[in-house]
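A.B. asks: Just dropping this structure here.
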Amino acid sequence: MPSRDLPYPLFDADNHLYETEEALTRYLPKGYESAVQYVNINGRTKIAIRGQISEYIPNPTFSVVARPGAQEEYFRHGNPEGKSKREIFGEPMKSIPAFREPAPRLELMDELGIQRTLMFPTLASLIEERMRDDPELIHVVVHSLNQWLHETWSFNYKDRIFTTPVISLPIVEKAIEELDWCLERGVKCILLRPAPVPGFRGPRSFALPEFDPFWKRVQDEGVLVGMHSSDSGYSRYANDWDGHQSEMLPFKTNAFRMLNEWRPVTDAVGSMACHGLLTRFPELKIAVIENGSSWVAPLLENLEGVYKKAPEAFGEHPVDAVKRNVHVSPFWEENMADLADMIGVDKVLFGSDYPHPEGLADPVTYVDALDKDRLSDKDQADIMGGNLARLMSV
């Protein structure tokens, strides 16, 4: 039984599955077997991308994981004692079937009081950055993962779990092929990385006109675009300041990188406005997930200032475009009423990040963070599920 009953259904915008070791490899075509490998290093299994061991995910098998909500107190009160990440995470747990398979996950959702959820992969976020110099390989590995996701979870499991396949855009024609493959299998929401797109001539924004055939297809089909926090490649810029080269390590403290943590999503949404994507495709549905909302006010303020100085650079007011197209899932510890005032309550989405340690152990407690004095009962119902149900047409 859920910890409490609410008078409306909950649609969680941010749940995660934990991939098995074969998720990236089962469907790799012959000749690509060495692209992704699992190797034993001093008794611990690590993932190697093209022979390079990655520490991005400390245990890429997910046989043992941090407990759901392990960091709640950290996000609620900070870290006044200066504990290490390991101390904050506490005792880990063995993965359970509900983290790996849809049927037991539905049972767990019933226990948690969640009617529907978007289901994001976890390990998938390391793919594109570590293959950025080989666009064709990115497409091959992404398709291999999507085949596994569909076989194991499907993209629409009993109209309750909507798993989000990855779409990568280096080669536009291949991105459209991947999108069509997913559409044929009932996809409702796709996952795009908030980052420049790798390419044969270097990276560039996904919001440039060369990608319009892809975006037209997305708009025509009414697919929701989930832009979930990922490895967006910004460690390259931080490395210049840190004075050394390292990959993104989300579980290792780095104060300077924390200072700029939301730069990727700021640039991603800013590019959508400044490069005209949202104006060319005004019916696109974008959901920014697990990026919080602290970046929203500064971005809107900056867009307002740029438009004031250079209105000729835009087809419409960029703030209007962002408010029309972009939905945001704030962290539970943020002020959701303030966010609703900025972008409209219909653009605010509940997301628990379950079962990740930085999420909520009991997703329904997200409702406790809603300001009951400023958000009506209807507002609360919309945030906790109504808005996402409307976006997904379910």
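The values are calculated or read from the model by the stated rules, or taken from the named source; none is laboratory data. Note that this is a predicted model, so its numbers are computed, not measured. Using ideal geometry, Cβ is built from the backbone for each residue, glycine included, and neighbour counts are taken over all protein chains shown. We work out accessible area using only protein heavy atoms, side chains counted, and drop any ligands, DNA or RNA first. Shrake-Rupley method; radii C 1.70, N 1.55, O 1.52, S 1.80 Å.
A.B. asks: On the basis of being open to solvent by less than 40 Å² (accessible area, probe 1.4 Å) and over 17 Å from Leu284 (Cα atoms), does Leu339 make the cut?
C.D. replies: Details: open to solvent by less than 40 Å² (accessible area, probe 1.4 Å): yes; over 17 Å from Leu284 (Cα atoms): yes.
So Leu339 passes the test.
A.B. asks: Can you tell me how many residues within segment 208-224 are under 17 Å from Thr279 (Cβ atoms) and assigned to a loop (DSSP other than H, G, I, E, B)?
C.D. replies: Final tally of qualifying residues: 1.
A.B. asks: Give segment 252-261 a look and list any residue that's surrounded by fewer than 19 Cβ atoms within 10 Å (Cβ to Cβ) and not β-branched (Val, Ile, Thr), or say none. Please lay out each step first, then the result.
C.D. replies: Step one: filter segment 252-261 for residues surrounded by fewer than 19 Cβ atoms within 10 Å (Cβ to Cβ), giving 252-256, 258-261.
Within segment 252-261, Lys252, Asn254, Ala255, Phe256, Met258, Leu259, Asn260, Glu261 meet the criteria.
A.B. asks: If I filter segment 87-95 for residues that are over 22 Å from Lys188 (Cα atoms) and either basic (Lys, Arg) or open to solvent by less than 20 Å² (accessible area, probe 1.4 Å) (or both), do I get at least one hit? Don't jump to the end; show me each part of the working.
C.D. replies: Initially, segment 87-95 is screened for residues over 22 Å from Lys188 (Cα atoms), giving 87-95.
With either basic (Lys, Arg) or open to solvent by less than 20 Å² (accessible area, probe 1.4 Å) (or both) added as a condition, the list becomes 94.
Checked against the condition, which is being over 22 Å from Lys188 (Cα atoms) and either basic (Lys, Arg) or open to solvent by less than 20 Å² (accessible area, probe 1.4 Å) (or both), segment 87-95 yields at least one hit.
A.B. asks: Restricted to segment 347-381, and to residues that are in a helix (DSSP H, G or I) and in contact with a strand residue (DSSP E or B) (Cβ under 8 Å, 6 or more places away or on another chain), which residue is most open to solvent (accessible area, probe 1.4 Å)? Reasoning before the result, please.
C.D. replies: Filtering segment 347-381 down to residues in a helix (DSSP H, G or I) leaves 347, 363-369, 377-381.
Narrowing further to those that are in contact with a strand residue (DSSP E or B) (Cβ under 8 Å, 6 or more places away or on another chain): 347, 363.
On the way: Lys347: 22, Pro363: 1 Å².
By that ranking, first place goes to Lys347.
A.B. asks: Let me ask you something else. Which of the residues that make up segment 167-184 are open to solvent by less than 10 Å² (accessible area, probe 1.4 Å) and outside any loop (DSSP other than H, G, I, E, B)?
C.D. replies: Residues satisfying the conditions are Ala175, Leu179, Cys182.
A.B. asks: Right, next: Only one of (1) open to solvent by 10 Å² or more (accessible area, probe 1.4 Å); (2) in contact (Cβ under 8 Å) with a residue 60 or more places away in the chain fails for Val223. Which number is that?
C.D. replies: Every condition holds for Val223 apart from (1).
A.B. asks: Considering only residues of segment 46-86 that are among the aliphatic types (A, V, I, L, M) and in contact (Cβ under 8 Å) with a residue 24 or more places away in the chain, which is most open to solvent (accessible area, probe 1.4 Å)?
C.D. replies: Filtering segment 46-86 down to residues among the aliphatic types (A, V, I, L, M) leaves 47-49, 53, 57, 64-66, 70.
Now narrow it down to the ones that are in contact (Cβ under 8 Å) with a residue 24 or more places away in the chain: 47, 49, 57, 64-66, 70.
Values: Ile47: 1, Ile49: 8, Ile57: 15, Val64: 65, Val65: 10, Ala66: 26, Ala70: 28 Å².
Taking the candidates together, the pick is Val64.
A.B. asks: Among the residues of segment 57-91, which ones are of a type outside the set (A, V, I, L, M), more than 17 Å from Ala361 (Cα to Cα) and in contact with a strand residue (DSSP E or B) (Cβ under 8 Å, 6 or more places away or on another chain)?
C.D. replies: Kept after step one, since they are of a type outside the set (A, V, I, L, M), are these residues of segment 57-91: 58-63, 67-69, 71-87, 89-91.
Next, from what is left, pick out any that are more than 17 Å from Ala361 (Cα to Cα): 58-63, 78-87.
If the condition is that a residue be of a type outside the set (A, V, I, L, M), more than 17 Å from Ala361 (Cα to Cα) and in contact with a strand residue (DSSP E or B) (Cβ under 8 Å, 6 or more places away or on another chain), then Asn59, Pro60, Thr61, Ser63 are the ones that fit.
A.B. asks: To continue, here is another question. Tell me which of these Ala340 doesn't satisfy, since it passes every other one: (1) over 30 Å from Ser54 (Cβ atoms); (2) modelled with pLDDT under 95; (3) hydrophobic (A, V, I, L, M, F, W, C).
C.D. replies: If we test Ala340 against (1) over 30 Å from Ser54 (Cβ atoms); (2) modelled with pLDDT under 95; (3) hydrophobic (A, V, I, L, M, F, W, C), just (2) comes out false.
A.B. asks: Looking at segment 5-23, which of its residues are hydrophobic (A, V, I, L, M, F, W, C) and at pLDDT below 95? Step through it out loud before you land on a result.
C.D. replies: Step one: of segment 5-23, the residues hydrophobic (A, V, I, L, M, F, W, C) are 6, 10-11, 13, 17, 23.
The answer is Leu6, and nothing else.
A.B. asks: Determine if segment 28-45 includes at least one residue that is touching a residue at least 60 places away in the same chain (Cβ under 8 Å), under 22 Å from the mean Cα position of the chain (by Cα) and open to solvent by 70 Å² or more (accessible area, probe 1.4 Å).
C.D. replies: No - not one qualifying residue is present in segment 28-45.
A.B. asks: So, in segment 111-128, of the ones that are assigned to a helix (DSSP H, G or I) and in contact with a helix residue (DSSP H, G or I) (Cβ under 8 Å, 6 or more places away or on another chain), which residue ends up farthest from Leu183 (Cα to Cα)?
C.D. replies: First pass over segment 111-128, keeping only residues assigned to a helix (DSSP H, G or I): 111-112, 123-128.
From the residues that got through so far, the ones that are in contact with a helix residue (DSSP H, G or I) (Cβ under 8 Å, 6 or more places away or on another chain) too are 112, 124, 127-128.
Details: Leu112: 30, Ala124: 20, Ile127: 22, Glu128: 22 Å.
Looking at residues that are assigned to a helix (DSSP H, G or I) and in contact with a helix residue (DSSP H, G or I) (Cβ under 8 Å, 6 or more places away or on another chain), I get Leu112.
A.B. asks: Answer yes if at least one residue in segment 124-132 is open to solvent by 40 Å² or more (accessible area, probe 1.4 Å), modelled with pLDDT under 95 and out of contact with any Lys or Arg (no Cβ under 8 Å at 6 or more places or on another chain), and no otherwise.
C.D. replies: Looking for residues that are open to solvent by 40 Å² or more (accessible area, probe 1.4 Å), modelled with pLDDT under 95 and out of contact with any Lys or Arg (no Cβ under 8 Å at 6 or more places or on another chain), one finds at least one in segment 124-132, hence yes.
A.B. asks: Could you tell me whether Val218 is open to solvent by less than 10 Å² (accessible area, probe 1.4 Å) and under 16 Å from Leu28 (Cα atoms)? Before you say what the answer is, go through the steps one by one.
C.D. replies: Values: open to solvent by less than 10 Å² (accessible area, probe 1.4 Å): yes; under 16 Å from Leu28 (Cα atoms): no.
No, not satisfied.
A.B. asks: Also, quick follow-up: Out of segment 275-298, which residues are surrounded by 21 or more Cβ atoms within 10 Å (Cβ to Cβ) and aliphatic (A, V, I, L, M)?
C.D. replies: Of everything in segment 275-298, those that are surrounded by 21 or more Cβ atoms within 10 Å (Cβ to Cβ) and aliphatic (A, V, I, L, M) turn out to be Leu277, Leu278, Leu284, Ile286, Ala287, Val288, Ile289, Val296.
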